[in-house]
Amino acid sequence: MATVSMRGVRKSYGGALEVIQGIDMEIADGEFIVIVGPSGCGKSTLLRMVAGLEKITGGEIAIDSRVVNNLEPKDRDIAMVFQNYALYPHMSVYENMSYGLRIRGMSKTEIDERVKRAAGILEIGQYLDRKPRQLSGGQRQRVAMGRAIVREPKAFLFDEPLSNLDAKLRVQMRVEIKKLQRQLGVTSIYVTHDQVEAMTMADRLIVMNKGVAEQIGTPIEVYAAPSTLFVAGFIGSPAMNFLETRVSSDGRLAIDGAALSPKTGLDPGRAVTVGIRPEHLATGGGLDVQVELVELLGADTLVHGRLSDGKSLVVRLPGNQVPTAGDRLPVQAYDGAWHLFDTETGKRLGTA
Amino acid sequence: MVENRPWLTAFSHLVVILGVLIIAFPVWMTFVASTHDASTMLRSPVPLLPGPYLIQNYKEILFQGYARTSGIPLTIALMNSMIMALGICIGKILISITAAFAIVYFRFPFRMAAFWAIFVTLMLPVEVRIVPTYGVVAGLGMINSYSGLIIPLIASATATFLFRQFFLSVPDELAEASRVDGAGPMRFFVDILLPMSRTTIAALFVIQFIYGWNQYLWPLLVTNHESFYTAVMVVARQATAVDATPSWNLIMAAAMLAMLPPVLVVVFMQRQFVRGLVETEK
Ligand SMILES: Nc1ncnc2c1ncn2[C@@H]1O[C@H](COP(=O)(O)OP(=O)(O)O)[C@@H](O)[C@H]1O
Ligand SMILES: [Mg+2]
C-alpha cells in the first residue's frame with residue numbers, strides 16, 4: 001500500500017513525437033485510479049513507465065515518496081495484470097501464482113498459505129493443478145489476478161485486463177475487481193479504453209488524449225463538468241451532442257435559429273461549441289427535431305434526428321416514449337445542462 | 001475426410017502400401033542378407049527369407065569386426081558414432097538456443113549484423129569450407145580426437161534460426177511478467193523459455209542426431225586411426241575393400257547396426273518430434 005506520484009512524466013521513443021507529454025498526478029494510498037482514453041493515446045505507455053517496463057524520458061515517478069525512475073520492476077514492489085494475462089503456459093496455476101514468491105526466496109509454507117488464501121478469495125481453489133490452457137478466459141483472468149495478489153505489492157497495475165472477455169463476464173469481473181480492491185485496499189492504476197469501466201470503477205480517473213491528461217477528477221466531476229471538448233465527447237454514452245454557434249449581441253446563444261436562447265455571460269460574437277447530453281433532453285417545447293432513426297433499448301429510447309438548421313442531435317427518452325421515424329419531436333433541455341466550450345481551444349467556458 | 005468413398009479409400013491405401021513396400025524392400029534385403037553365411041550370399045539367386053546365421057554374424061561383426069579391412073570391433077565404431085552424434089546434436093542445440101536468446105532478447109551493438117552473419121552461413125555447407133576447416137583443426141592438433149570430430153560441426157544456423165522464430169512468437173508480455181515477478185534474464189531463459197521450447201528442442205534433437213550420425217566426409221578426413229572410425233565410415237570401407245570377395249552377410253549386419261540408433265531415436269521421440277514441427281503451444 002502506497003502513494004504514487006508522477007511529476008512531469010514524459011516519454012518519447014527516440015523520434016520527435018512525444019507519446020506522453022508531461023503528466024502530473026498524485027495518487028493517494030488505496031486509491032483506484034483509472035486511465036482512460038482512445039486506443040493509441042499512451043495509456044499503456046504511462047502504466048508501463050510506472051511498472052518499470054519502459055524507460056522514463058523526462059520527469060519522475062515516485063512510489064511511497066521513493067523515486068523509482070531507475071529501479072527494475074522487481075524492486076518497485078508492484079504487480080501487473082496484462083491484457084492477455086501472460087500466464088506461463090507450462091506451469092500449473094499454483095506454480096504461476098507462486099513463481100514470483102519462489103524467486104524472492106519465500107519459505108514453502110508461507111508461499112502455500114498465500115496462494116491458498118488468494119485462491120480462496122478468487123474462488124479458483126479447485127483449479128490449482130491445472131495448466132492455463134485448460135482454463136476458460138474468465139478463469140485465466142482470475143489466475144492473473146491471483147498472481148498479483150499473492151505478492152502483496154504496494155500497487156496493482158492493470159492494463160486492459162477485461163478486454164479479452166465477453167460482455168457479460170466483463171461486467172461481472174469489473175464488479176469483482178472493484179470489490180477486491182476495496183477489500184485489500186491496495187493502490188491501483190487501471191488502464192482501459194472503455195468509458196463505462198472507467199466510470200464505474202474509478203475513485204478518480206485520468207482522461208488521456210494524445211499523450212496529454214485532459215482531465216483528472218472523480219467520475220462525477222468529469223461527467224458533470226468536462227474540462228475540454230474531448231472529455232465531453234469521450235465520457236458518457238451515448239456521446240454528448242455538439243452544436244457550433246456564436247454568442248449573440250445580447251450575450252445569449254442562438255441554438256437552432258433562435259428556438260432556444262440560453263443566457264451566457266460571454267462576449268458577443270465569440271465562437272462557442274455548445275454541448276448537451278442526450279439524457280438531458282426531454283420532450284416538450286423549444287427545439288423541433290425531425291426524427292430519422294429510433295433505437296429501442298427497452299429501458300430507454302434513443303432518438304436520432306435533425307434540427308431545422310440541419311444539425312444532428314441524439315435524444316434519450318424513457319422507454320415508454322417511442323416516436324416513429326419522420327415524426328417531428330418537440331424537445332427541451334434541463335436548466336443548466338448546456339456545456340459551453342471555446343470552439344478554437346476546446347476549453348470549457350461554463351454552463352448555461 | 002467427410003465423404004465416405006470406399007474405392008477412393010481402397011486406392012489411397014494401395015498407393016500407401018506400395019510406397020511402403022518400395023521403401024522397405026531394400027531394408028528387408030539387408031536384414032535377410034545379414035542372417036545367412038557368406039557363401040550363400042555370393043550364390044544366385046539371392047535368398048528372400050532369413051537364414052539361421054543371425055546371431056553368429058552379429059556377434060562376429062560386433063566383437064571381432066570385419067577382418068578383411070580393419071578388424072576393429074563394430075562396438076567401438078558404434079560408440080564413436082554415438083559420441084560424435086550426441087556431441088554434435090547437444091552442442092548444436094545448446095549453442096543455437098543461447099545464440100537465438102541473445103539475438104531476440106538483448107539489445108547489443110551489431111545485433112542484426114550478428115544475426116545476418118549467422119544467417120549467411122546457412123548457405124555454406126560443411127563441404128564448402130572443409131579444406132580451411134581441416135587446416136585449422138590439424139593446426140590445433142585435433143586430428144584423431146572426439147573434439148576434432150565434433151566441434152567443427154557444432155554451429156548451426158538452421159537451429160539458431162528455428163529458435164529465433166520460436167522466441168519471436170512468444171508474447172512479449174511473458175518476458176515482462178517474469179521481469180515483474182523478479183526473474184532476471186537467465187532465470188527467464190531457464191524457467192520459462194527452455195520449458196516452452198521443449199517440443200522444438202525435441203524436433204531438433206531428432207534431426208541433428210541423424211545429421212551427426214550420418215556424417216561421412218568430415219570423419220573420413222579428420223580421423224586416420226581405426227579407434228576413431230565411425231560406424232558409417234566402417235560400413236563404407238567394408239563395401240569398397242579391394243582384392244577380396246566381400247562377406248555380404250557381415251557388411252549387411254554392420255549396415256543394420258549402423259541404421260539402428262537413428263531409427264530408435266525417431267521411434268522414441270516421434271511424438272514430440274511431430275508436435276515440435278506442427279504445433280505452436282503457447
Ligand atoms: N516501442 C514503441 N516504439 C515506438 N512507438 C511506440 C512504442 N510503443 C508504443 N508506441 C506508440 O506510442 C503511442 C501510445 O501507445 P500505447 O501506450 O500503447 O497506447 P494505448 O495503450 O493508449 O492504446 C502509440 O501511438 C504507439 O504507436
Ligand atoms: Mg494499450
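Structural remarks
- Count - residues of segment A:82-95 that are within 32 Å of the chain's Cα centre (by Cα) and at the interface with another protein chain (Cβ under 9 Å from one of its Cβ atoms): 8
- The set of residues in segment A:136-180 that are acidic (Asp, Glu) and within 16 Å of ligand 2 (Cβ to nearest atom) comprises A:ASP159, A:GLU160.
- At least 2 residues being at positive phi, more than 16 Å from ligand 1 (Cβ to nearest atom) and surrounded by fewer than 15 Cβ atoms within 10 Å (Cβ to Cβ) is the threshold, and among the strands (runs of 3 or more DSSP E) wholly inside segment A:191-296 those reaching it are A:281-296.
- Restricting attention to segment A:7-35, the residues being of a type in the set (Gly, Ala, Ser) and more than 11 Å from ligand 1 (Cβ to nearest atom) number 5.
- From B:ALA155, B:ALA159, B:ALA203, residue being in contact (Cβ under 8 Å) with a residue 40 or more places away in the chain, outside any helix (DSSP H, G or I), away from chain A (no Cβ under 12 Å) and among the small types (Gly, Ala, Ser): B:ALA155
- Yes/no for A:PHE32 being under 16 Å from A:PHE158 (Cβ atoms), within 18 Å of the chain's Cα centre (by Cα), more than 14 Å from every other protein chain (Cβ to nearest Cβ) and not aliphatic (A, V, I, L, M): yes
- Here the condition is being at pLDDT 90 or above, in contact with a Gly (Cβ under 9 Å, 6 or more places away or on another chain) and within 14 Å of chain A (Cβ to nearest Cβ); of B:SER169, B:SER178, it holds for B:SER178 alone.
- Filtered residues of segment A:28-40 (kept if in a loop (DSSP other than H, G, I, E, B) and more than 9 Å from ligand 2 (Cβ to nearest atom)): A:ALA28, A:ASP29, A:GLY30, A:GLU31, A:GLY37, A:PRO38
- In the set B:ARG187, B:ARG164, only one residue is within 12 Å of chain A (Cβ to nearest Cβ) and assigned to a helix (DSSP H, G or I); that residue is B:ARG187.
- Annotation: A:VAL50 fulfils all but one of (1) of a type in the set (A, V, I, L, M, F, W, C); (2) under 15 Å from A:PRO153 (Cα atoms); (3) not in a helix (DSSP H, G or I); the unmet one is (3).
- Residue within segment B:124-142 that is over 23 Å from B:LEU74 (Cα atoms), touching a helix residue (DSSP H, G or I) at 6+ places or on another chain (Cβ under 6 Å) and within 14 Å of chain A (Cβ to nearest Cβ) present: no
- Selected residue (criterion: nearest to the other protein chains (Cβ to nearest Cβ)) from residues of segment A:102-133 that are within 14 Å of A:ARG151 (Cβ to Cβ) and touching an Asp or Glu at 6+ places or on another chain (Cβ under 8 Å): A:ILE103
- Given (1) closer than 19 Å to A:GLU152 by Cα; (2) of a type in the set (Lys, Arg); (3) in contact (Cβ under 8 Å) with a residue 12 or more places away in the chain, number of the condition A:LYS43 does not satisfy: (1)
- A:SER65 vs. criteria assigned by TED's automatic domain parsing to the domain that holds A:ARG174, among the hydroxyl-bearing types (Ser, Thr, Tyr), away from ligand 1 (no atom under 12 Å from the Cβ) and surrounded by fewer than 19 Cβ atoms within 10 Å (Cβ to Cβ): yes
The values are calculated or read from the model by the stated rules, or taken from the named source; none is laboratory data. Since the structure is predicted, the reported quantities are computational estimates derived from the model, not experimental observations. Because the Cβ atoms are built from the backbone with ideal geometry, glycine has one as well, and the counts that use them run over all protein chains shown.
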